Each structure stands twice: as C-alpha cells, then as structure tokens.
Amino acid sequence: MLFVNREYELRVLEEALSSSKSELVLTYGRRRIGKTVLLKYFRRKHGGYI
Ligand SMILES: Nc1ncnc2c1ncn2[C@@H]1O[C@H](COP(=O)(O)OP(=O)(O)OP(=O)(O)O)[C@@H](O)[C@H]1O
Ligand SMILES: [Mg+2]
C-alpha cells in the first residue's frame, strides 16, 4: 500500500518523539480515516515491529 500525505500528523508525532519531555499524543477521528495506518507507518519508520 502506498502511504500518502499525513505530513502534518507525522510532524506532530516526530516532534513528540524527539521531545525531551514526556509527551502524550491522542489519535482520534471517524472510522476508516487512517488512524491505525498512520501509527503503524510511524512505528515502522522508527524501527518498531510490524
Ligand atoms: N495515509 C494513507 N495512505 C493511503 N491509504 C490510507 C492512508 N490512511 C488510510 N488509508 C486507507 O484507509 C484504510 C483505513 O485506514 P485505517 O484502518 O488506518 O483507519 P482507522 O481510522 O484506523 O479505522 P477504524 O476507526 O475503523 O479503526 C486503510 O486500510 C487504507 O487502505
Ligand atoms: Mg483503526
């Protein structure tokens, strides 16, 4: 699957990950909008398991 867009959302996640403080990011939205795919993409990008 080709992952598209989500540049703003990825920036928010990148900033939280690189922060020196503790961070909590909430992911919400209507069904099938791409929440799970976004978080899996981010996890894979940073070496997490699939
Ligand atoms: N960034 C994206 N690029 C391409 N396709 C996407 C993207 N985000 C979502 N999709 C497509 O939309 C489908 C639904 O995405 P996903 O399962 O992540 O939604 P969800 O918000 O987690 O839904 P639910 O609320 O039902 O859990 C995916 O299977 C994928 O095909
Ligand atoms: Mg989901």
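Derivation of every value follows stated rules applied to the coordinates shown; laboratory data play no part. Source: prediction; values computed, not measured. Counting neighbours? That spans all protein chains shown, and the Cβs are built from the backbone with ideal geometry, glycine included.
Between G34 and residues 5 or more places away or on another chain, which pairs have amide H atoms under 5 Å apart, with H built 1.01 Å from N, and which residues are they?
When sequence neighbours closer than 5 places are left aside, there are no close amide H contacts.
Based on DSSP H runs of at least 4 residues, each adding -39500 (n - 2.57), what is the mean residue ellipticity at 222 nm of the chain after dividing by all its residues, to the nearest 500 deg cm²/dmol?
On the way: 2 runs with 23 residues, N = 50.
Using -39500 (n - 2.57) per qualifying helix, the result is -14000 deg cm²/dmol.
About its Cα centre, how strong a charge dipole does the stretch 7-50 have in debye, to the nearest 20, once Lys and Arg get +1 and Asp and Glu get -1 at the Cβ?
With Lys and Arg at +1 and Asp and Glu at -1, about 340 debye.
Once you mark the chymotrypsin sites (Phe, Trp or Tyr not before Pro) that are in a DSSP loop and have at most 15 other Cβ atoms within 10 Å, what is the longest gap between them in the chain?
Values: sites that count: F3, Y28, Y49.
Between the exposed loop sites, the longest stretch runs 4-27.
Jot down the per residue volume, in cubic angstrom and as a whole number, of the convex hull over the alpha-carbon atoms of the chain. Provide the component values of the computation, followed by the final result.
Numbers: hull volume 4.6 nm³, N = 50.
Here the figure is 91 Å³ per residue.
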